[in-house]
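The values are calculated or read from the model by the stated rules, or taken from the named source; none is laboratory data. Everything numeric here is computed off the predicted structure, so don't read it as measured data. In this analysis, Cβ positions are derived from the backbone assuming ideal geometry, glycine residues included, and neighbour counts consider all displayed protein chains. Each accessible area value is taken on the protein alone, full model and side chains, heavy atoms only, with ligands, DNA and RNA left out. Shrake-Rupley method; radii C 1.70, N 1.55, O 1.52, S 1.80 Å.
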Amino acid sequence: MELDECLELLYKGQLLPEVTVRALCFKLKEMLVRESNVVHIQTPVTVVGDIHGQFHDMLEIFLIGGPVPDTNYLFLGDYVDRGLYSVETIMLLVVLKLRYPNRIHLLRGNHESRQITQSYGFYTECSNKYGEGSKVWQYVTDIFDYLVLCCIIDNEIFCVHGGLSPNVQTIDQIKIIDRFREIPHDGAMADLVWSDPEEIDTSSIGHRENFYHESSQQFQISPRGAGYTFGRCVVEKFLHFNQMDRIYRAHQLCNDGYQVYFDGLVTTVWSAPNYCYRCGNKASILELYSKNEFYFNVFEEAPENRLLNDNFNSSITNGSAINEYFDDANNTGSTETSISDVDIFSDAYQVKSASSRRVEYFL
Amino acid sequence: MAEKRDIRRGPGIRTVEINAARQVHARTVRARIPIDIGAIDSQEPATSTAISAPRFVQPALPQSSRQPSAAHSHVRHTCNNPRNPPCAHCGTMIVPSPVATLPLEDHPSLTINNWTISTKKKPILNSQELEDWENNKLKGLTLPEMIFGNSFVRIQEKTRNWSIEFNALDALREVKLKDSGIRVSYSKKWMDSKQQKQRQQQRLSIALGSSQPLSDIDDSALQIARHYDWTYTTKYKGTETSGSKKYKFKKDDSQTLPIDKLARPDHILFYDDMILFEDELADNGISIFNIKIRVMNERLLLLSRFFLRVDDVLIRVVDTRIVVEFDENKVIREYKEMEGDYKTLLTKHKMSHSHDPKAALRDSNWVAANIPLITRECEILNLNDPN
């Protein structure tokens with residue numbers, strides 16, 4: 001199948017045949033294996049945070065931010081799990097990357113991992129949609145091992161999924177990581193996709209000298225017993241040493257779509273609105289026009305998601321409900337109209353969703 | 001790049017959206033009007049949206065609940081929210097109905113005799129609210145990822161001014177600000193490798209005659225940031241308020257819930273469920289606190305459940321059930337803690353389901369039925385005769 005044909009199907013929310021998935025994944029591996037752990041790109045570019053299988057919201061992003069290849073995109077990882085459409089989401093990104101390799105860049109997030117996807121939905125979704133015997137999950141998780149870890153924009157903006165690592169002082173140390181593997185629990189590669197900034201109220205510390213000795217400004221271990229949080233001091237040191245200006249990362253839900261830390265040295269970008277179809281949070285994409293000109297384009301949930309809520313509540317990743325929905329969409333034809341033509345305000349739809357609403361005789 | 005920003009979603013709302021929201025609201029309300037199969041057409045519900053309701057059968061209700069008249073002959077509940085559609089059985093049934101706002105907001109309420117039940121659902125806290133909770137209300141706690149801090153379930157007894165409410169803030173106040181003792185499965189390995197690396201580096205720097213540490217892994221890096229119970233385990237049983245001291249729960253573990261009566265498919269007049277807080281434990285499992293309530297003509301049942309799964313380590317469920325008998329003005333509260341080893345539970349489940357073995361561990365009902373009970377307490381409050 002031609003790439004453009006695949007794209008047409010994927011934009012409609014249809015699944016590709018398993019053989020095609022296999023071929024595409026193999027092709028992408030060939031492409032990614034040649035990339036360095038750290039990719040260098042130039043503005044203008046739009047930075048996108050966690051998607052988590054919220055396919056309709058990703059289509060919304062392409063509406064708001066502009067379609068590929070007219071807009072350049074950098075995705076910060078966490079494409080799969082939790083949402084109902086991980087397969088559709090990751091396959092659309094895979095094909096876009098193959099079709100426009102210089103227009104779209106995909107970093108690895110902590111959910112791009114075999115272990116995590118078994119617990120958080122992608123594994124279950126694959127076997128629901130392709131059948132228990134299918135190998136789609138293996139094909140896709142295999143390409144995860146090839147995704148790059150970091151990206152540097154205009155030589156001075158550092159982008160990563162999670163954050164910094166005590167094992168990484170220089171960018172060169174990232175370049176020598178052997179990334180073609182499952183994400184380990186431990187070490188630089190794990191920290192880059194897992195760690196979180198921790199901002200402590202510094203007004204009580206007072207003098208700058210004391211500030212640097214305050215342990216909360218350094219790397220600290222999470223009370224969970226694994227994983228780091230990093231303070232302001234660590235960030236300043238890293239940026240200075242590598243002549244970088246600031247850091248963009250994703251990984252943590254923020255209710256307003258983005259969250260600024262340490263006066264803008266670190267910013268979280270979050271791109272999954274109404275996360276898990278119930279949080280009611282906003283999402284954003286970060287449009288970088290040049291080094292110092294940027295705009296957080298904040299948006300809310302795509303209307304299509306609202307329809308799915310009721311079905312979602314009664315049966316998580318219920319394959320038949322999803323197919324039913326897309327069957328409706330497919331009958332209406334072309335890409336653009338297929339989604340807008342499902343009349344979510346129609347009585348028929350409302351009756352259907354209201355009748356699937358349940359009161360539960362729990363005990 | 002030039003014309004790409006014409007679809008910008010600014011602070012304003014487009015007229016089309018408002019209209020769409022109105023329509024979806026009207027239709028949601030209409031779709032929620034319950035239809036009595038026997039009485040279709042005979043009773044046209046008198047809503048402001050004067051179009052006849054779509055016909056459908058609520059599939060969740062067992063047939064036996066559809067016996068008309070007898071059970072409804074003495075109707076005594078009233079709906080407190082004018083937006084709730086009237087009942088086809090008696091003209092006053094309530095099913096939670098949204099207010100036409102963006103985003104939709106539910107604040108339904110129902111009164112039976114002297115008892116009023118109300119719920120409210122709002123989105124997660126915004127960053128100002130979060131800051132306030134973090135710095136003032138819950139100082140010292142790293143907050144869970146998702147807090148539905150403006151949602152609540154409330155049960156009030158009007159004549160004696162007694163009430164019990166469930167909300168996220170009070171639930172989180174019960175989370176301990178000290179080490180839970182629980183670590184993620186790979187913690188030991190992780191810590192050991194840190195210490196090993198640290199020793200190596202110390203040896204190396206001594207060998208090189210350098211006084212500077214070679215990396216950021218110094219002593220402070222091996223400290224746990226601050227101690228709080230990162231599993232967010234809460235023993236919260238609801239927030240009581242009372243006009244008089246005599247209305248207090250009395251402990252009596254011999255009491256049991258009237259399971260036989262609750263198991264009857266009595267018609268549900270009011271149903272709601274909501275999450276109060278949730279955290280994914282940095283993908284090491286889940287910690288979630290949710291509430292369900294159903295109100296029947298004679299009694300109500302509320303279940304508040306804290307569910308914790310730390311992958312490869314343990315599973316914990318803390319259930320509080322409240323039953324109110326409206327005629328006797330009696331409240332029973334049952335509290336249960338359950339906890340089990342992750343692997344034992346996984347093996348138990350694997351025996352019946354080979355495919356996708358972890359699915360059941362996401363299902364709190366299955367888990368609660370299959371892990372050992374640690375504690376059970378029961379309390380009773382008789383408002384007619386508090387002593």
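I need the calculated FRET efficiency for the pair residue B:376 and residue B:126, taking r as the beta carbon distance and R₀ as 30 Å, to the nearest 0.05.
The value I calculate is 0.20.
Could you do me a favour and compute the accessible area per residue for the range A:1-65, 1.4 Å probe, result in Å²? Present the calculation step by step, with values, prior to reporting the outcome.
On the way: 2570 Å² over 65 residues.
With the other protein chains kept in place, the range A:1-65 gives 40 Å² per residue.
Which residues belonging to the range A:58-75 lose at least 20 Å² of 1.4 Å-probe accessible area when the assembly is complete, relative to their chain isolated?
When all protein chains are present, A:60, A:63, A:64, A:70, A:71 each give up 20 Å² or more of accessible surface.
Taking the full set of protein chains and a 1.4 angstrom probe, give the accessible area of residue A:224 in square angstrom, rounded to the nearest 10.
The accessible area comes out at roughly 40 Å².
Provide Rg and Dmax in Å for the range B:141-203, with only Cα atoms included in the calculation.
Over the range B:141-203's Cα set, Rg and Dmax evaluate to 21.8, 75 Å.
Buried accessible area between A and B (1.4 Å probe, both chains summed, ligands and nucleic acids excluded), in Å² to the nearest 100?
Working: alone 16720 and 21580 Å², together 31380 Å².
In total, chains A and B hide about 6900 Å² from solvent.
Once you have the alpha carbon radius of gyration of the range B:226-344, what is it after dividing by 2.2 N^0.38 Å, with N set to its residue count?
On the way: Rg = 16.7 Å, N = 119, 2.2 N^0.38 = 13.5 Å.
Output field value: 1.24.
Filter the cross-link list B:120/B:251; A:29/A:97; B:178/B:358; B:292/B:348; A:12/A:129; B:137/B:250 down to pairs whose alpha-carbon distance in this structure exceeds 19 Å. The partial results should precede the final answer.
On the way: B:120/B:251 30 Å; A:29/A:97 11 Å; B:178/B:358 30 Å; B:292/B:348 27 Å; A:12/A:129 16 Å; B:137/B:250 30 Å.
Beyond 19 Å between Cα atoms: B:120/B:251; B:178/B:358; B:292/B:348; B:137/B:250.
Given a 1.4 Å probe and the protein chains all in place, what does the accessible area of residue B:226 round to, in Å² to the nearest 10?
80 Å²
Full extension from residue B:195 to residue B:174: what is 0.36 nm times the residue separation minus their Cα-Cα distance, to one decimal in nm? Walk me through the numbers before you get to the answer.
Numbers: separation 21, 0.36 × 21 = 7.56 nm, distance 3.40 nm.
So the extension gain works out to 4.2 nm.
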